[in-house]
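Here is the structure we will look at, set down as structure tokens.
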Amino acid sequence: MRGDSAGLSESRVGKARKGSLGIRNNNLDEGISTFGLWLNAENKKSLSIPIIMKEFVEGRRAVLQDNLSQKEIVVNIVEGIPFCNECRSNDCAHVGFVICTEQLTNRSKIE
């Protein structure tokens, strides 16, 4: 009996961790946090990361894989401003992720 309750606790902790990596409010800050997770991941294509980069064409567009919604997301960059075609927004998590990608790319050019 005691072993069962310990197993449930571990299960709940595991679910809490997965939830903490998710996107709750779909805002720029969550995209920035998710970019950090992706950037520091050993396996950049891991399904445990909420958003992963599939393709990036500097100054034009990014194709992301949203592992929470299980959709491929296209973010177009027009005149330097990213716009998410899925969310129809310029301030969602997908846009935050792409802004970080652009900044990392620009930083590499400066150095």
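Within the shell of other residues whose beta carbon sits under 15 angstrom from the beta carbon of N26, the net charge comes to -2, with Lys and Arg scored +1 and Asp and Glu -1. Charge tally for G80 (other residues, Cβ to Cβ under 14 Å; Lys, Arg +1; Asp, Glu -1): -1. For segment 36-106, relative contact order (Cα pairs under 8 Å, six or more residues apart, normalised by length) works out to 19 percent.
Electrostatic bookkeeping for A62 treats Lys and Arg as +1 and Asp and Glu as -1; over the other residues with beta carbon under 13 Å from its beta carbon, the sum is -3.
Every read-out reported here was derived from the displayed coordinates using simple, explicitly stated rules and does not represent laboratory data. In this text the structure is predicted, and so the values were computed from the model without any measurement. All Cβ positions, glycine included, derive from the backbone under ideal geometry; neighbour counts span all protein chains shown.
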